[in-house]
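Read the figures in this text as sums done on the coordinates, not as results from a lab. These numbers were taken from a predicted model, which means no experiment stands behind them. So basically every Cβ, Gly included, is an ideal-geometry build from the backbone, and we count neighbours across all protein chains shown.
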Amino acid sequence: MPCSKGKLMLKFCICITVCLIFSVMLHRYCVKEFKSLKVMYNVGYNIITEPSTTQSSIPTSTTPTTSARTTSIIPPQDTHELHDVTNSLTIDNDIDNLDAEDIPFLKNYKNPCWYESVSSNYDYSRNRLMSKYKWEDGADRKGIKRMQQIFMSRDSDGESWRLRCLPYFYIAGFSKCGTTDLFINLFKNPLLSKPFHKEFPYWNWARWRVALNESRYQAANWKRVSPFKHYVDMFDVASENIRTNFTVQAGNTTFHEIITGDGSPSHAWSFPSFRGLKPNNLSKKRGRNLEPEYTIADIIKMLTPKAKIIFIMRDPIERLFSDYFYFQPEAPKSKEEFAELVIQSVRWFNLCFEKYSPRACVYNAKAYDVKGHIRAWNGLYAIYLKDWLKVFPRDQVLVLFLEDYRQRKTELLQEVSEFLGTGIPDAQYFREDELPVNARREEHKSVGDMTARTREVLENFYRPWTKALKTLLESNGFPTPPWPS
């Protein structure tokens with residue numbers, strides 16, 4: 001019996017000790033979190049305090065002469081006018097019908113932004129888009145956690161608010177043409193704030209899906225699975241940065257200079273879900289519509305009429321060869337396999353061109369289902385660029401070529417910054433000797449170049465489209481492609 005009592009006493013003491021240790025640790029954690037929250041986000045519902053002052057090191061032609069960074073209060077009309085754009089019950093149907101009302105963007109923000117209510121305990125983990133695309137680094141996780149802390153600090157009976165922003169610019173195309181390198185270097189400019197991820201093809205892949213038992217090229221079977229608010233969530237961390245950094249005072253108005261952008265190059269050339277837009281289902285041929293009357297360009301124009309659009313292209317033959325190595329990089333690669341895939345792809349498109357319009361062929365989701373396909377359609381730039389130039393005016397579009405970008409990188413990055421109105425950054429922001437992003441792996445370099453016969457097949461396939469591109473660019477006052485036509 002004494003032995004049993006001793007064991008019980010020992011267990012009791014251990015339990016008490018563990019509980020005390022846990023209580024102390026919990027207390028320390030809560031105090032630490034409360035202090036950091038209080039220090040970092042000492043804000044009320046109607047008064048938003050800007051952080052400590054720093055001055056932009058990049059001059060901009062749009063900056064007022066009184067551009068001193070000061071601790072300031074957002075104008076009351078900004079905080080009181082909460083426009084529940086993404087919370088609206090009709091916004092997604094309106095977008096699907098291409099009939100959304102103009103969003104009331106704040107006039108003292110360069111980037112298209114508005115204030116919106118949000119639940120104090122808003123859960124980003126329910127965002128299908130965020131769960132689909134990987135966190136780029138630890139900063140993303142910290143940024144989302146920070147946003148949730150901010151919502152709690154603004155709590156008023158379970159409700160809070162946030163600044164919501166859409167992209168000021170889009171790197172709309174094209175894949176394997178240097179878009180990632182361009183994106184990374186542009187965002188070295190402190191007047192640009194990165195979104196959650198460089199690219200997340202929302203409008204062409206994530207918003208609409210088909211049933212598992214249905215083919216992607218059947219008519220009118222695309223269903224919306226990811227709402228508009230999920231897309232806008234991807235810019236929430238960038239939006240808070242836009243709200244709190246690099247403000248300038250012009251009279252009684254606090255102007256917010258920072259912008260953000262979407263770097264999804266597939267938005268230019270990939271729209272297999274075009275039937276998710278209801279107006280695209282109004283005109284049908286042989287029982288189903290074969291090509292979109294409206295594209296992603298029309299969606300972006302409807303939501304952000306003043307958006308800036310950037311295209312970067314390269315020799316379509318070299319683009320295709322690079323594309324072959326980049327996707328499924330762990331699979332064995334050879335010039336013989338590439339040659340076989342080129343023959344299959346060119347044959348498929350030539351047969352399609354005999355039956356349908358080239359535009360119907362490149363937008364046809366069935367093209368993505370063809371076994372052994374490589375993305376030859378991606379290099380038919382003229383078809384896609386024509387669609388975007390129908391929607392956006394010339395002064396909102398910038399065309400670049402990878403061949404030029406490689407030769408005079410800093411100069412072109414400064415040109416893009418000027419196009420975006422973020423001033424001309426000093427060359428110190430960019431390094432000519434930096435290795436390009438997503439370059440071919442070392443193990444793939446041993447494959448060498450494609451065969452002469454493969455190159456000849458591709459030259460014949462792309463030649464008329466390069467000529468069409470040259471004509472289109474010349475007629476709109478753009479530089480012409482540096483590769484031979």
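Summing Lys and Arg as +1 and Asp and Glu as -1 over all other residues whose Cβ lies under 13 Å from the Cβ of residue 314 gives a net charge of -3.
Return the FRET efficiency for the residue pair residue 89, residue 326: r is the Cβ-Cβ distance, R0 is 35 Å, and the value is rounded to the nearest 0.05. Mind showing how you got there, number by number?
Numbers: r = 41 Å, r/R0 = 1.18.
According to the calculation, E is roughly 0.25.
Using r as the Cβ-Cβ distance of residue 117 and residue 14, and R0 as 30 Å, what FRET efficiency do you calculate, to the nearest 0.05? Efficiency, from the Cβ-Cβ distance: 0.05. Each residue of segment 88-211 gets 166 Å³ once the volume of the Cα convex hull is shared out per residue. For residue 141 and residue 354, what is the calculated FRET efficiency with R₀ set at 51 Å and r taken between the beta-carbons, to the nearest 0.05? It comes out at approximately 0.50.
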